[in-house]
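The values are calculated or read from the model by the stated rules, or taken from the named source; none is laboratory data. Not measured: the values here are computed from a predicted model. For accessibility, only protein heavy atoms count, side chains too; no ligands or nucleic acids. Shrake-Rupley method; radii C 1.70, N 1.55, O 1.52, S 1.80 Å.
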Amino acid sequence: VGLGLLGEFLHELQEKEVQMIPQNDDQASYTTKTKKEDTRITWKDSALSIDRKVRAYSPRPRAFFDFRGKKIFVETGELLSVEGNSEEPRIESLDREEGSINLLVAPGRYALKQVTPEGKKSMRAYDFIQGYRLNVGESFQ
């Protein structure tokens, strides 16, 4: 999708079909430098917040969460729903075919798809969780 749009834009730019609009400096905003703590995922956050954090910090510096004393970097995930609520973040389901872990968080549902445990290679989230022998319904903290 992105590559097709880029090609279309470049063609329109070459043909001078693109109207350039200068930025309004009065409406411009600045941000502070991203700190490592900004990229941390807490499972008390909403699924929407988690999804935005994963997408914003991909591919670098990468969003991460702590799991049993180690950092787990989230490479890809998917927002499943903004509805639903869980007192304690837990595994809702495991999808072996997709390779994902579907989590019930507060509020919403989020699927971890690809993760990189600290000091290891990237792997499917399903393969990661199999190494820890966690099951559906268990807490994910």
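Probing with 1.4 Å while keeping every protein chain in the model, the per residue accessible area of the chain equals 69 Å². Dividing the summed helix terms, -39500 (n - 2.57) for each DSSP H run of n ≥ 4, by the number of residues in the chain produces a 222 nm estimate of -6500 deg cm²/dmol to the nearest 500. For Rg/Rh (Cα atoms, Kirkwood Rh), the choices are [x] 1.10; [y] 1.02; [z] 1.07; which was calculated from the structure? Label [x] holds the value from this structure.
Computed over protein heavy atoms with a 1.4 Å probe, the carbon and sulfur contribution to the accessible area of the chain reaches 48%.
Under a 10 Å cutoff between Cα atoms, tell me which one of A28, A56, A111 has the largest fluctuation in the Gaussian network model of the chain. Looking only at A28, A56, A111, the largest GNM fluctuation is found for A28. Comparing I129, I72, I21 in a Gaussian network model of the chain, where Cα atoms under 10 Å apart are tied by springs, the biggest mean-square fluctuation is seen for I21.
Specify the inter-centroid distance of segment 82-136 and segment 40-56, based on alpha-carbon positions, in whole Å. That distance is 13 Å. Among E15, E75, E87, the residue with the largest mean-square fluctuation in a Gaussian network model of the chain, with springs joining Cα atoms closer than 10 Å, is E15. So for the chain: antiparallel DSSP bridges make up what percent, rounded to the nearest 5? Once the DSSP bridges in the chain are tallied, antiparallel ones form about 95 percent.
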